[in-house]
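**Q** Questions regarding the structure given below will be posed in turn.
The values are calculated or read from the model by the stated rules, or taken from the named source; none is laboratory data. On a predicted model such as this, the values are computed, not experimentally measured, just so you know. Positions of Cβ are generated from backbone atoms using ideal geometry, with glycine treated the same way; all protein chains shown enter the neighbour counts. Each accessible area value is taken on the protein alone, full model and side chains, heavy atoms only, with ligands, DNA and RNA left out. Shrake-Rupley method; radii C 1.70, N 1.55, O 1.52, S 1.80 Å.
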Amino acid sequence: MNTIASDATVPVSAQEDRHGRAMWVYEMRPIVTAAEREVAAALVQDRNLWLSRHGRDAPALHVTAFRDHRTEAVGLYEEDGGDEILVGCLLLHRQPNLWPGAVDDPARALKVSMAHTAPGRTDRIGWLMKLWLADYAARTGIDFVYAEVPSRSTGPAGTDGRLLEHLRDLGWRDLGSGRTPDGHRVTRIRLSAAPTPGLAALIHCTVPTVTRHVYKEDSER
């Protein structure tokens, strides 16, 4: 289903079903209910198992984070014959603590973390999530999206080096290395906001463009 090249033109309008209702191939929406969070946690757990089999660290805290109703989790869902499949997820941080000099106005920054795609996919889910992030930032009035990548391996041939090279190919800019408050070495990256006309025809978005407030009901659904 996902055969779009990175330089392809996004369709102008969504497809319609036989009843004339608009249809999208993908939907990016908040992960809110307990059931939705369990599905996201399962995806992250599957990804962690895949990483472990390929000799990479698999942080269990990522699974826990997607179960925590205080986090703002969003997911990319694929429509497949009437069924919805979660193919990617990440956490949004509307007012993140950024390193000194990262942005002029931290209140307008957007940071993402713990981005995961479903293992075993050969299509470009990561590229679609990047495309959505760049467009979403533009619609929110933010110039850049920030993230951090583990930087444990040395050299471009290392696992982390290959990941960073892949992210560069997707359009992320390397801002240099540093350490997190708990001492882990990371590479800081930045993605420029970029509106994509017609993207809504491919990825229907219901993620709000305002700061999310955590309500008690979230944990009760």
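**Q** Taking the options Val44, Val39, name whichever one is part of a helix (DSSP H, G or I) and touching a His at 6+ places or on another chain (Cβ under 7 Å). I'd like the intermediate steps shown before the answer.
**A** Working: Val39 fails: touching a His at 6+ places or on another chain (Cβ under 7 Å).
On inspection, the qualifying residue turns out to be Val44.
**Q** Going through the range 112-134 one residue at a time, which ones are of a type in the set (S, T, N, Q) and within 21 Å of Pro208 (Cα to Cα)?
**A** At the first step, the residues of the range 112-134 found to be of a type in the set (S, T, N, Q) are 113, 117, 122.
Ser113, the sole residue that qualifies.
**Q** When the range 48-76 is examined, which residues are found to be in contact (Cβ under 8 Å) with a residue 60 or more places away in the chain, among the charged types (D, E, K, R) and farther than 30 Å from Thr209 by Cα?
**A** Of the residues in the range 48-76, the ones in contact (Cβ under 8 Å) with a residue 60 or more places away in the chain are 49-50, 54-57, 69-70, 72, 74, 76.
From what is left, the residues that are among the charged types (D, E, K, R) are 56-57, 70, 72.
Matches in the range 48-76: Arg56, Asp57.
**Q** Further question on the same structure: Can you confirm whether the range 113-123 contains a residue that is touching a Pro at 6+ places or on another chain (Cβ under 7 Å), surrounded by 14 or more Cβ atoms within 10 Å (Cβ to Cβ) and at pLDDT below 95? Walk me through it before giving the result.
**A** Taking the range 113-123 first, the residues touching a Pro at 6+ places or on another chain (Cβ under 7 Å) are none.
There is no residue in the range 113-123 that is touching a Pro at 6+ places or on another chain (Cβ under 7 Å), surrounded by 14 or more Cβ atoms within 10 Å (Cβ to Cβ) and at pLDDT below 95.
**Q** Looking at the range 154-174, is at least one residue at pLDDT 90 or above, within 15 Å of Ala109 (Cβ to Cβ), open to solvent by less than 50 Å² (accessible area, probe 1.4 Å) and among the aliphatic types (A, V, I, L, M)?
**A** no
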